[in-house]
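Please treat every number below as a calculation from the coordinates, not as lab data. Given the structure is predicted, the values throughout are model-derived calculations rather than measurements. Counting neighbours? That spans all protein chains shown, and the Cβs are built from the backbone with ideal geometry, glycine included.
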Amino acid sequence: MIIYGVALLAICTLAGVIMGDMLGVLLGVKSNVGGVGIAMILLICARLWMQKRGGMTRDCEMGVGFWGAMYIPVVVAMAAQQNVVTALHGGPVAVLAAIGSVVLCGCTIALISRTHKGEPLPDEEPLITPTPVVGGR
């Protein structure tokens, strides 16, 4: 059922929030540090692990896929709550983290595109199969 996908997401979210809070305590920050990102990484790892073991049903995958699609609006809403001006006045760490993440993502995309350059895309199945007209209608 789709509810299993949502349950898997809930477990990963709780684990991510707890780990983000612990990371905040270790860094001496009075907030959650990367809890949502950790939760999504846990969800991806759990989904891949379940697929390899045969435990991911189609309905469960639909639930995980739905919440995976909802991830971007959730992150945007959470980022809107952050006080960017205070972060910039607090030091250059926020600016360095932003620049570093953009550079790291760009390098990762370049590396992936160079290593998988010659592989053909898989054949796609047609979305609509034509049905023969019977009786002239």
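For this structure, a couple of remarks:
- The label point for residue 17 and the one for residue 31, both projected 7 Å from the Cα toward the Cβ, are 1.7 nm apart.
- Label sites at residue 96 and residue 48, each approximated as a point 7 angstrom past Cα along Cα to Cβ, lie 2.9 nm apart.
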